[in-house]
Amino acid sequence: MRKALRGVLPLALLIGTVSATGATAGAATAAEPAAEAAGAPATADIKDRILAIPGMSLIEEKPYPGYRFFVLNYTQPVDHRDPRKGTFQQRLTLLHKDTSRPTVFFTSGYGLSTTPRRSEPTAVIDGNQVSMEYRFFTPSRPAPADWSKLDIWQAASDQHRIHRALKKIYDRKWISTGGSKGGMTATYYERFYPRDMDGVVAYVAPNDVRNDEDSAYDRFLANVGSQECRDRLNGVQREALVRRDALSKIYTDWAAANNRTFNTVGSLDRAFEAVVLDYTWGYWQYNLEANCGSIPDAKTATDQELWNSIDEVSGFSFYTDQGLAPYTPYYYQAGTELGSPDVEQPHLKGLSRYGYQPPRNFVPRDIPMRFKKHAMKDVDSWVRNNARQMMFVNGGNDPWSAEPFRLGKGARDSYVYTVPGANHGANIAQLPAEQRAAATASLLEWAGVAPAAVQQNEANAKRLTKFDVRLDKQDLKQERALRR
C-alpha cells in the first residue's frame, strides 16, 4: 500500500468523539479453527482452551453482549534471562470475540482496568483484545521486588511470552497498541520482538532520546495555543507561587483532613511546587484551547479559586505519598530508562525554589536508581531504520508530542500522523478525513481484514464496528503520572 511517510498538518481541529460509522463485521458465534491448542481441543469452550495454557488461571469472567470477557493471571519469570530467579503472577484481560478474528494486544503501560474496554484498533478491525498489566504495577509485582528487573526489555519479554501462549488459539493477525506510556510500550515491544506483531499503532508516545536536552518542550510551551491562553495559564502559576503561604495553608489543612503525608517527595512545600509547575503542562495535556475561558484571571482570583483551578488540572493529591505510591514503577522507569522533561518556565524565575523535580524525588529512597542513557537512543535509532508497519498518532497541542518518534529512510509501510489541535487523547478518528481513511486502511490491511472496497480505494476505509458508549470509553486521567 502506501510507502511514504505521511505529513503533519498544522490546521486547527478540535477533538471529537469516536465515529459511530461502520457495521459490525463477523459474529461472536462463528466457528472456531479446527486446530487443537494448548492441550484443549478446538471444539472446547474458549475458557477451557485458555485455561489449558500452562501458567494461566482465571480470576473472573464478566458478561458483555457479543463478547466473552476474562480477567486472568499468567505466571511470568521475574527475570526472563534467568527463570530460576522466581516467578510472579501477571494480570491480563481477554475480550474474546472470535478466534477467526484478528487480535489486538493492548497495554496502558500502567495498571490494568478490569472493566471491559475496547481500544480504537480493536473497534476498527472488529477483533479480540488482550490487555496486559505492566510488571511491577500492583498487584503484578514480584515479592520481594527486585527493581532491577523492571526495564523495557523484561516488559517486552512479558508480552512476548503472552503472545506466544495465546497465538496457539488466536492464530490470525495481531496488532499491538497503547497510548502514552502504552504507546511507548508497544514501540519497545516491536523493537525487541519485531516478528511477533503484524502491525503497531502507538498513540501519543513520547520519545525522550536525550534526557539532558529538553529544549523542544520549552519551545512547545512557548508557542502552543494562543498568546492569551498561555498568558492566563502562566499568570495562574506565577500568582500561586506569589501566594505560596496562603495556598500552602489550604494545602496543610487539606492534607491533615485527608491523612496525606509527604515523606517520598520530602515536604509539603516540594509537593506544592511540583503541582503548581505541572499546571501549564497538565492543561495542554488534558484540555483544549476552546476551554481557556475557564482559566481564572490571576489578578482578581481568590486564593480558593486559584487552588480549585490548579487542583482540577494538576491535582494536589498527586505528590502525596498516597498519590505517588501507585506510580512508583513509572517514576522508577522515568529515572532509569525513559527519561523525563526538565522544563525551564522562565516566567517563574525568582519564585520557583526547586524547578522541575527529577523522578528520583518521587521514588522511595530505599529503591536504588541508575539512569541508562543509551536505552532510548537505541529504540529511536531502531525505529528510524527498521520500522515496518508501524503507525504513530500524535496530538498537535499535546506537550508529549514535542519529542515524537520519527521515521528514517529505512522505515517501510510506516506513518506518523498528528491531529491538529488535539491533546493527549488524540486518535485516528480525529484525523482529517483523508488521513483518517489512509490510517484506517493501513490498520485494516495489517490485520488482514481490509474489505475489497478498501483494497481498491483506501478512501472507503472505515471501522468495522459500531460505536459502543461503554466499550469505547476513553479515560485520559488514567495516565496522570506521565506529566514529567
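Overview of results
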{"quantity": "Any hit, the stretch 400-420, residues being in a helix (DSSP H, G or I), of a type in the set (A, V, I, L, M) and under 29 Å from Asn128 (Cβ atoms)", "calculated": "no"}
{"quantity": "Lys473, sole failed condition from (1) at pLDDT below 95; (2) within 25 Å of Asp378 (Cβ to Cβ)", "calculated": "(2)"}
{"quantity": "Test set (1) touching a residue at least 40 places away in the same chain (Cβ under 8 Å); (2) open to solvent by 40 Å² or more (accessible area, probe 1.4 Å); (3) touching a Leu at 6+ places or on another chain (Cβ under 9 Å); (4) assigned to a helix (DSSP H, G or I) - Pro326 fails condition number", "calculated": "(3)"}
{"quantity": "The stretch 158-183, subset within 27 Å of Ile428 (Cα to Cα) and open to solvent by 10 Å² or more (accessible area, probe 1.4 Å), residue nearest to the chain's Cα centre (by Cα)", "calculated": "Gly179"}
{"quantity": "Hits in the stretch 291-309 - residues which are in contact with a Gly (Cβ under 9 Å, 6 or more places away or on another chain) and either assigned to a helix (DSSP H, G or I) or without any contact (Cβ under 8 Å) to a residue 24 or more places away in the chain (or both)", "calculated": "Cys292"}
{"quantity": "For Asn211: the one exception among (1) at pLDDT 95 or above; (2) within 17 Å of Val379 (Cα to Cα)", "calculated": "(1)"}
{"quantity": "Pick from the stretch 111-158, criterion of a type in the set (Val, Ile, Thr) and in contact with a Leu (Cβ under 9 Å, 6 or more places away or on another chain), ranking: nearest to Lys181 (Cα to Cα)", "calculated": "Ile152"}
{"quantity": "Count of residues meeting criterion [farther than 22 Å from Asn385 by Cβ and assigned to a helix (DSSP H, G or I)] in the stretch 172-193", "calculated": "2"}
{"quantity": "Residues within the stretch 134-152 that are surrounded by fewer than 17 Cβ atoms within 10 Å (Cβ to Cβ) and not in a loop (DSSP other than H, G, I, E, B), tallied", "calculated": "1"}
{"quantity": "Of all residues in the stretch 386-399 being closer than 16 Å to Thr177 by Cβ and part of a loop (DSSP other than H, G, I, E, B), the one that is least open to solvent (accessible area, probe 1.4 Å)", "calculated": "Ala387"}
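The values are calculated or read from the model by the stated rules, or taken from the named source; none is laboratory data. Computed from a predicted model, the values in this text were never measured in an experiment. FYI the Cβ positions are ideal-geometry reconstructions off the backbone, even for glycines, and counts take in every protein chain you see. For accessibility, only protein heavy atoms count, side chains too; no ligands or nucleic acids. Shrake-Rupley method; radii C 1.70, N 1.55, O 1.52, S 1.80 Å.
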